[in-house]
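Participant: Submitted below is the structure of interest, expressed as structure tokens.
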Amino acid sequence: MSAAGARHAYEVNRARIASLWAEARPVSEGDAAGRYLARSGVASAAPGSAYPPALRLHPALDYWHMQADRTPVCLGQFPALLALFEVDTYPRGLQGAPVPHAVALQRIYLAADGSLAPVPAPVKLTGKAGPALGACARLAPADSARRVMGMAVGIATALRIAQAARMPVWAVPDAALLAHARWPRGLRSLHVFVDTRDPGQWRSAAELARKASACGLQVFPMVADLADAHGSHHTPRFTATRL
């Protein structure tokens, strides 16, 4: 694709992301997204608090499926949990303050009870609104005092780990992208969490740990045990490991 073509695609995707985000509303405990998070083992938001602003619920999002003959067909409308993925840009140069740039939305299509919608691929990413390598769902503000945070794969997984480890944890959408996750400026310590249920995360976790260590961060690779032998959710257990 030419540079002009890429810029046009980015602008089309940017407009779509902005439109979907504007149509969505904050997640609440009783809606489909809140039920999905609860079913995934995320504890309810404390009274008076809210779910992360990087998450919203779209009440009725079209689900498009590409058929074998490459014809798109809409299989219906479903509530969808939207997760905003951002990267920092530096419009005033590297000495200036970073400005977050929304580059993609992850859409998790749901049934009303919070289970995944009965569609071929209930978890999808939108097209990208700019270079997106390193983008994360910023599920909590970086801890400016302790300058400690974690990285994990998956929205619900990152939220469960954050609640148990009592630190901010950002999410990447899949195991391959964990290697490229970008942490915020000023960070001192990075915990890289590997979900025991996904062996594919190990290589990416090792690469992220290498990059962070080379940049002078203290790096703590951690194995996160998030389910028992029967697949039931429990409070995550963490074990330090070597990568």
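Participant: Tell me the strands (runs of 3 or more DSSP E) entirely within segment 171-243 that contain at least 2 residues that are modelled with pLDDT under 95.
Facilitator: Qualifying strands (runs of 3 or more DSSP E): 218-227, 233-240.
Participant: Then there's this: Can you pull out the residues in segment 83-116 that are on the phi > 0 side of the Ramachandran plot and surrounded by fewer than 16 Cβ atoms within 10 Å (Cβ to Cβ)?
Facilitator: Gly93
Participant: So which residues in segment 54-78 are over 24 Å from Leu226 (Cβ atoms) and part of a loop (DSSP other than H, G, I, E, B), if there are any at all?
Facilitator: Scanning segment 54-78 gives Gln67, Ala68, Asp69, Arg70, Thr71.
Participant: Of the residues that sit in segment 137-170 and are of a type outside the set (A, V, I, L, M) and part of a helix (DSSP H, G or I), which one is nearest to Ala206 (Cα to Cα)?
Facilitator: Ranking the qualifying residues of segment 137-170, first place goes to Thr157.
Participant: Restricting to segment 117-136, count the residues that are within 18 Å of Ala205 (Cβ to Cβ) and crowded, with 18+ Cβ neighbours inside 10 Å.
Facilitator: Of the residues in segment 117-136, 2 are within 18 Å of Ala205 (Cβ to Cβ) and crowded, with 18+ Cβ neighbours inside 10 Å.
Participant: Is segment 14-36 home to any residue that is under 30 Å from Ala227 (Cβ atoms), basic (Lys, Arg) and either touching a residue at least 40 places away in the same chain (Cβ under 8 Å) or in contact with a Lys or Arg (Cβ under 7 Å, 6 or more places away or on another chain) (or both)?
Facilitator: Taking every residue of segment 14-36 in turn, at least one turns out to be under 30 Å from Ala227 (Cβ atoms), basic (Lys, Arg) and either touching a residue at least 40 places away in the same chain (Cβ under 8 Å) or in contact with a Lys or Arg (Cβ under 7 Å, 6 or more places away or on another chain) (or both).
Participant: Follow-up. Does segment 20-53 hold any residues that are under 19 Å from the mean Cα position of the chain (by Cα), closer than 17 Å to Ala104 by Cα and part of a helix (DSSP H, G or I), and which are they?
Facilitator: Of everything in segment 20-53, those that are under 19 Å from the mean Cα position of the chain (by Cα), closer than 17 Å to Ala104 by Cα and part of a helix (DSSP H, G or I) turn out to be Leu20, Trp21, Ala22.
Participant: Now a separate question. With the checklist (1) touching a Leu at 6+ places or on another chain (Cβ under 7 Å); (2) under 20 Å from Gly154 (Cβ atoms); (3) in a strand (DSSP E or B) in hand, flag the one item Val103 doesn't pass.
Facilitator: (1)
The values are calculated or read from the model by the stated rules, or taken from the named source; none is laboratory data. Here the structure is a predicted model, which means the values were calculated and not measured. Ideal geometry is used to build each Cβ from the backbone, glycine not excepted, and the neighbour counts take in all protein chains shown.
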